[in-house]
Amino acid sequence: MIFDLPDHATLYEALCNRDTSYEGRAWVGVTSTGIFCRLDCPARNPKPENCQFYGSIGECIDAGFRACKRCKPMAPYAEGDPVIAKLLSELEARPSYRFSEDDVAKLGIDPSTARRAFKRQFGMTFLEMARQRRLREGFTTLAKGGPVIEAQLDAGFDSPSAFRTAFAKLMGQSPQSFAKDALLRADWIDTPLGPMVAVCDKSSLHLLEFIDRKALPGSLKKLKAYAKGSLGIGTFPIHETLRAQLGAFFAGGSSLFDIPLTLHGSEFTQLVWRRLLNIGAGQTETYGALAKDLGRPSATRAVARANGANQIALIIPCHRVIGADGSLTGYGGGLWRKQRLIELERDYQKDSAA
């Protein structure tokens, strides 16, 4: 669990000292290179602001990082399980290849055995690991202004139609449908809880969602309609500000977000979202209490629907709303993320009290 780890400063000191006591307990993802390493990696130390620390290899992979070729952080798992060893070797040899269960079977490995082994060690299947690695490369190429064919090849897709299908499943539309020099631009941001998509214009944030949220494709289509088709892949300076503030939040440095927001919703929905902004880090409120505070004590369900329609995760803290019995209830990003966010923010509450 990432929140059982020491604070960012302690882990960075351990990284600089190449402390072997964290072997198997902590890993570092370096945002400037997209690589994750052991803390005793012999490579040159990255800057502290470029480091994100994780409590498992699965979390590193979920956040979009690739394994370091110098310290080989996945080697102990490979050495202990011949199934993992063989498949990781294949992935290393053919990182852009589109693996299938038939490919796994041709290697003499039962696909169900492979799924269980990878899920147990990394929190994802081998096919999910390979697919995410390929799609991230394609997204990065498009964000830098590269042509679709280059993104397709970087993502390891031989077929343009296959790349379009995979990309559309992730983003709700084909890569060609995103505009050049668009008014709204989508960027990929890695976090300890998995990659997110952030859509901004030159001055404000319109959407911040986890990549795997089912509502993401529909939300992007609505934003495209709002911008009259002017939705593209790329960045504005505000994306980098957001990236830095998310990094500080997850590192335990600050729970403050001062990114300007543009809200897309009905008058009542926006009223609920603005009320959510008043719930401090480390605090929780119930749907009923929110409805009562808004002067609509009988509108608990409407408040819950507005909460679920939130398109700006973390910053508009819908994860801080719980059921009347104290249960976590639903969360579009997954209950496991809601749990971890609440756990993380308890430290901010303790600091505030101190």
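Read the figures in this text as sums done on the coordinates, not as results from a lab. The structure displayed is predicted, hence computed values, not measured ones.
Here is how the numbers come out for the structure above:
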read-out	value
Karplus (6.51, -1.76, 1.60) ³J(HN,Hα), θ = phi - 60°, over segment 278-295, in Hz, Gly and Pro reported as x	8, 7, x, 4, x, 9, 9, 9, 8, 4, x, 5, 5, 4, 5, 5, 7, x
Length added when fully stretched, residue 277-residue 301, from 0.36 nm per residue minus Cα-Cα	6.7 nm
Across 221/338; 202/228; 72/338, pairs whose alpha-carbon gap is larger than 28 Å	72/338
5 angstrom amide H check on residue 312, placed H, neighbours 5+ away	208
Built amide H within the under 5 Å cut-off of residue 261, gap 5+	205
Given 86/106; 86/119; 180/224; 69/106, the pairs whose alpha carbons are separated by over 18 Å	69/106
Of every Cα-Cα pair in segment 180-235, the percent that sits beyond 12 Å	62
Gain on full stretching of the segment that runs from residue 244 to residue 66 - 0.36 nm per residue minus C-alpha separation	62.0 nm
Over segment 267-353, relative contact order from alpha-carbon pairs under 8 Å, at least 6 apart, %	35
Residue-wise HN-Hα coupling along segment 330-335, computed from phi with Karplus coefficients 6.51, -1.76, 1.60 (Hz; x: Gly, Pro)	x, 7, x, x, x, 4
Kirkwood estimate for segment 1-73, i.e. one over the average of 1/r between Cα atoms, Å	11.7
In sequence order, calculated HN-Hα J values of segment 27-41 (Karplus, 6.51, -1.76, 1.60; Hz; x Gly/Pro)	9, 10, x, 9, 5, 6, 10, x, 10, 10, 9, 6, 6, 9, 4
Pairwise centroid distance, computed over Cα atoms, of segment 200-276 with segment 284-350, Å	18
Built amide H within the under 5 Å cut-off of residue 66, gap 5+	35, 36
